[in-house]
Each structure stands twice: as C-alpha cells, then as structure tokens.
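The values are calculated or read from the model by the stated rules, or taken from the named source; none is laboratory data. Predicted model only: the values in this text are computed from it and were never measured. Note that we place each Cβ from the backbone using ideal geometry, even for glycine, and neighbour counts take in every protein chain shown.
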Ligand SMILES: Nc1ncnc2c1ncn2[C@@H]1O[C@H](COP(=O)(O)OP(=O)(O)OP(=O)(O)O)[C@@H](O)[C@H]1O
C-alpha cells in the first residue's frame, strides 16, 4: 500500500514537471514569435529590394541552421528559397552590438549599393533591425573558390585548367572595374579565395565588401587600421596601414598562386615550416622547375600557360608596390596569355631557368 502511494506521488510529480516544462517552452516560443513579429511589424528598415519585403522578411525569420551555407568572422550566410523554388538568395545575417560590425555593414552598402557588373556579386537588398542587419545577395550555386580548392571532401571540385583561367580572368575583371571604373575608386582590402564566389557557369564574382574603402580618383591611398586576412596582405600595407589599389593587386597575386598550386596561403604546414605560400613558390622556382609547384590534381595542363600565370603572379607580388602592374594591366595579361607570342613576352626567365632540374 505504502509502495503504491510512493509510486502515485512520483507519477504526479513527473506529470507536473512534464506539464510545467511544456508551459515554459510554450511561453519561450511565444515570446520568440512575438519578438520576430515585432521586428517584422515595426522594427526594421531596408532598401533596394524589388521583393515583397514583409513576406520576404518573414521568410528570413524562419531560416534555421539547416539553411546555413557558410559562415565567416562577421556573420552567417543562409540560403533562402522563395516562391516554391522559383528564386533563391543568399542572406548574410550580421548580429549588431559592435561598432566594427555595423561599420562593415555600412561599408558593404556604400560600396556595393549601385554596382551592377558581371564579376561583382549583386546586392539585392538589406534590412536593418535593432538586433541584426541582413544583406541579401544573389545566390552563387558553386560557392566559394576557397571551398572548391581547399574545402571538405564533399565541397571540393576538380577544377580543370580552363576553369582556373576563367576564374582568374573574371576576378581580375571585377577588380579592375572597382579600381578604375567606379567613382570614387573602390579598394576591396580583403581579396582572398573565400571572397571569390562562382555562379552556375563558374563565372567568378568578387564578394564581401565589409572592409572596402572608397578613394577619390585624385588620391592614391586611404589611411586605415590594418585589417584583412593573414597570408594575403601586401607587406607595405601591413607596415603602414595605407590602403592602395596595389594592395589588392598583391592579394590577387596570392589568389593566382592558389589557383596554380592548389595550396592555401593560411595552411598550417606553412606556419610549421616557417614559410608562406609566396616564399614557398619562390623557393620551388629557384631550386627546381616551377612546374613542381603546380597543383597535383591538375592532370592535364598547358605548361607554357601555367608558367605565364606564375610570372603574372610574380609581378603582382613585387615587394615594391610601384613595380606591380595595375589591375587593368593584369586583366589584359590574363586575357591574352593563351596567345603564344604574348606568353613569350611575359615569361620572366627567372622561372624557366632550369627546366630540366
Ligand atoms: N552569395 C553567396 N552565395 C553562395 N555562398 C555564399 C554567398 N555569400 C557567402 N557565401 C558562403 O558563405 C561563406 C561565408 O561568407 P562570409 O562573407 O560571411 O565570410 P568569409 O568571407 O568566408 O570570411 P570572413 O569573415 O573572413 O569575411 C563564404 O565563404 C561562402 O562559402
């Protein structure tokens, strides 16, 4: 009898605990729903969207971790599909609270606001709420160059030589547009493979303008706090904090080496060896034939073209920024490099000194 009472007591306690937990969860969910509703109803402002914004924002509120397609130091990127799959977007959510993050959001709007170019990622719109900022971009089905070259096995894709060359040309065209055709000129300041995105036909688009700096065409530089990504920063920018278009040219040179070697500039093995991608390639070029540095996953490639591209990279990576070509010159070199006469002109004898070694 006593046992029966104890059992009944425990069952009652369990039932009460179960009901109480359900009530607490429901209250929390209700509060969350209310907060989201409040944001949708009153708490946001946005712009540039050719979309039914309220319905669109409701959809963004329903994004979950299953929709995440990438994340960076400043925010998380989600895939958002609307109209039953008729359209898809990439939504970058930047939580607010630090001046740094808000400044990144503003920079992105300032720089990308009106740009429409085949090699620059299109910004479709933005929202700002007291809790977070949202940036809505076109979705790049092939993700980032970084993921394709160095990502997890399921993200990696074998890139043939023609595709690598196309990506190099597209990125150079995008950068050349920012440096020379936009007024004021735009210095990107964070060129790296994770900021080069690829559409369905592997056309490259320059993305992530969170550090972009605008400079009047009459000015040569902007003084900034040094920011960007280790492994891609030009030495003079690192030392002086002066951002110039030649700093982007240097970072682009590093991306060319990534395309050629398949190695990541921030690879831990470089740190262990006390070297970096740029000095490793120079070492290989000095001690062996440069084709020893070519990505092993490139089964078939025209040697002359890879040598030409190494030489273009070498020029972008000159320590003295004044010796680096401008982005429009780099674009021209890359576009013309398949022509034999041209390749012979560009190739620096340094790189092909000992082809037999
Ligand atoms: N428009 C897009 N379409 C498809 N994937 C995207 C898009 N934008 C971003 N991504 C993916 O999300 C990832 C994270 O992007 P994000 O710009 O937040 O950070 P990151 O550039 O990788 O790093 P960092 O914090 O240094 O800027 C990218 O590397 C890319 O894989």
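Against the condition more than 16 Å from the ligand (Cβ to nearest atom) and at pLDDT below 70, how does residue 54 come out, does it pass?
Yes: the conditions hold for residue 54.
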Next on the checklist: Given the condition crowded, with 18+ Cβ neighbours inside 10 Å and in a loop (DSSP other than H, G, I, E, B), answer yes or no: does some residue in the stretch 157-180 qualify?
Outcome noted: yes
Checklist outcome for this item: Within the stretch 61-79, restricting to residues that are in contact with a helix residue (DSSP H, G or I) (Cβ under 6 Å, 6 or more places away or on another chain) and within 13 Å of the ligand (Cβ to nearest atom), the one that is modelled with the lowest pLDDT is 74
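A quick yes/no check of all residues on (1) surrounded by fewer than 20 Cβ atoms within 10 Å (Cβ to Cβ); (2) within 16 Å of the chain's Cα centre (by Cα); (3) in the same structural domain as residue 199 (by the TED database); (4) modelled with pLDDT under 75:
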| site | (1), (2), (3), (4) |
| --- | --- |
| 91 | no, yes, no, no |
| 95 | yes, no, no, no |
| 106 | yes, no, no, no |
| 122 | yes, yes, no, no |
Checklist entry - In this structure, does residue 199 turn out to be within 14 Å of the ligand (Cβ to nearest atom), surrounded by 20 or more Cβ atoms within 10 Å (Cβ to Cβ) and in contact (Cβ under 8 Å) with a residue 40 or more places away in the chain? => result no
Next on the checklist: Checking the structure you have, find out if any residue of the stretch 88-106 is away from the ligand (no atom under 16 Å from the Cβ), out of contact with any helix residue (DSSP H, G or I) (no Cβ under 9 Å at 6 or more places or on another chain) and closer than 26 Å to residue 183 by Cα.
Outcome noted: no
